[in-house]
């Protein structure tokens, strides 16, 4: 049998029809290429920005709701304390025949403690309020310091007036908190009536 001559460019064990394959992992090579799938990278950044914006909005809503709940709680407490003070004043009127004639919050507290009569004269009587359920401005002890005044939930003194101006046609007293804004016009209408019209008085909380 005749011997077949070997071609010079053909190596043993090599298929001349097989194409050469690139070396390395094509998937990793594609992932390392910054030019690959740029749209996906931009969309991820957009998702991050939207998520951060939503978190900021939700945090703002939670804080706002917390502040509103806190103000509502303080307002409810102010109304409860005003009701207790009003009940003490009615007891005072039944016992002594009149309300304390003053517009001084410290004299009001001393009167309800049984230490002052309707005309602010010194006396010794029983206390008509439970001091433990109230706080005072500066945490003063009203049994020791006669300048102590009852504080509302915002730390301001409760305002009181009765026959503090002339004429006084109001059959009762004026007792209120100046509210969350801490402002008050400080004046009453003719006859001793509260004035709800000034901007400073819009959030005032009245006992009667």
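Side notes on the structure shown:
- Look at 162, 193 and count the other Cβ atoms within 10 Å of each Cβ; fewest to most, that gives 193, 162.
- Using the Cβ-Cβ distance between residue 183 and residue 146 with R0 = 30 Å, the FRET efficiency computed as 1/(1 + (r/R0)^6) comes to roughly 0.65.
- Two-site label geometry, residue 47 and residue 139: point separation in nm, points 7 Å out along Cα→Cβ: 5.3
- Between the beta carbons of residue 208 and residue 123, assuming R0 = 22 Å, the FRET efficiency works out to 0.30 to the nearest 0.05.
- Measuring how big the stretch 126-208 is from its alpha-carbon positions, Rg and Dmax come out at 14.0, 40 Å.
- Quotient of C-alpha Rg and 2.2 N^0.38 Å, computed over the stretch 59-206: 1.10
- Put in line by how crowded their Cβ is, counting other Cβ atoms within 10 Å and starting with the fewest, 152, 98 read 98, 152.
- Sites residue 154 and residue 56 - FRET efficiency at Förster radius 22 Å, r taken between beta-carbons, to 0.05: 0.15
Each reported figure results from applying straightforward, stated rules to the coordinates on display, with no laboratory input. From a predicted model like this one, the values you see are computed outputs, not experimental measurements. Cβ sites come from the backbone with ideal geometry, for glycine too, and all protein chains shown count toward neighbours.
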